[in-house]
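Scroll down for the structure; my scribbles are underneath it.
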Amino acid sequence: MPDSHIAVLEPHQDKLFSFARLGERWGCHPKVAAKRAVALGLPLVRINQRVVLVRLSDVLKAEEAASE
């Protein structure tokens, strides 16, 4: 059962973030954002050999866990 304070996104509302956009959100360079995403264990969505994205819902869960 999900906690009431964790933001839950429906699959049709979820967005995919590039590491550049994630870096903007976290206030760091995209390469640092990529390393942090991997360190946090965020599931990566690989589009092709070069394009790797993360789901906003996974980012929100990681941010919520980090703030506790």
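Every number here is computed from the coordinates shown, using simple stated rules; none is lab data. Fair warning: this is a prediction, and the values are worked out from it, not measured in the lab. No Cβ is skipped: glycine too gets one built from the backbone with ideal geometry, and neighbour counts run over all protein chains shown.
Just going by the charge dipole of the range 16-67, with Lys and Arg at +1 and Asp and Glu at -1 on Cβ, which of Ala34, Asn48, Phe17 is farthest out on the positive end?
My answer, from the dipole projection, is Asn48.
Extending each Cα 7 Å along its Cβ direction at Glu63 and Asp14, get the distance between those two points in nm, one decimal.
Here the modelled spin labels are 1.7 nm apart.
Say each of Val52 and Trp26 gets a label point 7 Å from the Cα, pointing the same way as Cα to Cβ; how far apart are those two points in nm?
Each label point lies 7 Å from its Cα, and together they span 1.2 nm.
In terms of Cα to Cα distance under 18 Å, which aspartates and glutamates are near enough to Lys15, apart from those fewer than 8 places away along the same chain?
Leaving aside aspartates and glutamates fewer than 8 places away in the same chain, those within reach of Lys15 are Glu24, Asp58, Glu63, Glu64.
I'd like the Kirkwood hydrodynamic radius of the range 16-67, using the inverse of the mean 1/r over distinct C-alpha pairs, in Å.
Mean inverse Cα-Cα distance, inverted, gives 10.9 Å.
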